[in-house]
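Reviewing the structure listed below.
The values are calculated or read from the model by the stated rules, or taken from the named source; none is laboratory data. Computed from a prediction, not measured in an experiment: that's the story for all the values here. Backbone-built Cβ (ideal geometry, glycine too); neighbour counts: all protein chains shown. Protein only, heavy atoms only, side chains kept; ligands, DNA and RNA dropped before computing areas. Shrake-Rupley method; radii C 1.70, N 1.55, O 1.52, S 1.80 Å.
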Amino acid sequence: MNKLTNKLTIFIIILILVIIGGIGAYFVFQKPSSLQSPIPPKQSLQQSVTSSLFGTMVAYGINDAAMSTPGILDAISQKGWTEFRKDDLAYQNFLSNLKKLIQDHTKLMKATGFSLDREIVGYFTWNIIEPQKGQFDWELTDLYVQAASNAGVKISAVIQPFAGWDQKNTRLEKEALDFAYYDYKASPPKDIAEYQNFLTKMVERYKDKVAVWEIGNEPENPGDGYQNNPEGYFDLVKITSETIKKADPKAKVTNGGAMPIVGMRESDSFKAYWTKFFALGGGQYLDYFNVHYNIERSPDVKLDPDIFEKNLMAFNNLMDKNGGRKPLYITEFGIYSGSPSSQPFGQPAQGQPPIGGSTPSENQEQPSGQPIQGQAIGQNIQPNKEQALRNLSENDQATLYFKYSILAFANGADLVFIDLIGPDNNMVGSSMAFNTDDQPRLFLTALKMIDSKISGFSKVEKIAGGQYKFTVGSKTIYVLWSGTLPNEISGQVRVADMKGQEWLMDAAGIKLNADQPVFIELQDSN
């Protein structure tokens, strides 16, 4: 009898627990969205796998290391790299600073979960690696490549095809050239055989660590060697691409990032430049087409996703008319936050040379040398003193990053790069993933959510403005922020916002909000 009573008691307890659980489940699925309780995401952001959609930029900037010890930057600027390198004490101080910066930034690199890093200054510059004809110095590049490997990322290598000894008779056309303190004058290589020898040795040495080779940087821009010379740049791309692929048939090659061809005062001339490049057949030597979009952290700020999308569409149309479309590769991109000044960025402290050798131009989207991009510690960034831009909260910024990124992938981008670390209240610094206290900005979470949801997508469809449908394996992921819910979405769905919160709810309770973009995943009816 006692045994029977005990069994009955246990059965009643289990029954009560099941009923309570059922009531709880009912409320999880049925209560209004405004009261919906968040449930854990399917994958914790902190444990996300390495991203295939985003990369970092200037995580290990040479400029940062040069600025962290007084006098080093001036020494490089005044002597040129080759002579500076001969001063062993100054060079060892610089190297020590660089190693510390690498150590400090590697943890931030790992925290992003991104898959690539892009360094624009120095590491893959002909003049740095071969400062004298036939004499190769791999120390700096080896150091960076090992740092990237330790961070678990591969490299997008920016080849600067300039060496001072190759261009001794080159006429200096502009006082401040991109990376001029490396003591060369930016113009096409003179000794093509020696240039090819440099490329071959570099590619063979680093082919297992470099994912993509970029040929120069913004060639149509002043100071980058090929302004008003798309024919010359075509020749450089042809020679460089063929040499790289001979050394490594699996290598991927892209152009130096192209400036916007919609929305800038110089856009017509930039468009003419790339139209000629493609008409010459330049597309056949590229695996990706590299695009820059720094307008949203420049004095010409638009805060208009439509202009961004029009640029991508214009480049795609240009390729369609000239041999076929290549995947887009967006290596420079950012959106400011806060209320920084609208002054041109890259302004050095009074009496100092421009970092990277570029002089800000009134009409430029950005200085071609990207001086502030690598300012991880915040040195040489002046207080903003001119008219403040519209204030953007971190939530506003994250929303824009979210929308622009989705538009990028919907228009053929394979990867988008984000600068790693920079100061608040600065037009460029505030666009970077971490502030100088190593604290992540909100938009980093939004980008990691995008990667966790649509990384590896095989298809994307535009349903309407602000409504996109991604096919990821056997799943369909909707990304929405505008209009009314598409009719094809009904029943119980999984909803996620850009901050990492997720819910199960009935689709009938969803109202789309331009300031709160969401992912929606249909649930298996079985």
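Miscellaneous remarks
- For the stretch 232-247, the residues whose backbone nitrogen is under 19 Å from a point 7 Å from the Cα of D287, taken along Cα to Cβ, are 237-247.
- Using the alpha carbons alone, the radius of gyration of the stretch 176-334 stands to its Kirkwood radius in an Rg to Rh ratio of 0.96.
- Pairs with C-alpha atoms separated by more than 31 Å, drawn from the list K209/K238; K475/K499; K107/K133; K168/K276; K252/K469; K190/K276, are K107/K133.
- Alpha-carbon gyration tensor eigenvalues x 5, square-rooted, for the stretch 390-526, Å: 28, 16, 13
- Averaged over its residues, the stretch 54-141 has an accessible area of 35 Å² per residue, based on protein heavy atoms and a 1.4 Å probe.
- Calculated FRET efficiency for the pair L504/E204, C-beta based, R₀ 41 Å, to 0.05: 0.20
- A dipole drawn for the stretch 89-134 from +1 and -1 charges on Cβ atoms has a positive end, and of Q132, S115, H105 the residue lying farthest that way is H105.
- Per-residue extension of 0.36 nm, minus the Cα-Cα distance of S490 and D191, leaves a gain of 101.1 nm for this segment.
- Cα-based radius of gyration of the stretch 49-165 once divided by 2.2 N^0.38 Å, which approximates compact folds: 1.09
- Percent of Cα pairs exceeding the 18 Å cut-off, where the set is the stretch 432-478: 45
- Extension gain, T476 back to D524 (0.36 nm per residue minus Cα-Cα distance, nm): 16.2 nm
- If the chain linking Q78 and Q132 were pulled fully straight, counting 0.36 nm for each residue of separation and taking away their Cα-Cα distance, it would gain 17.6 nm.
- Placing a label point 7 Å from the Cα of E394 along the Cα-to-Cβ line, the residues of the stretch 483-526 whose backbone N sits under 16 Å from it are 498-501.
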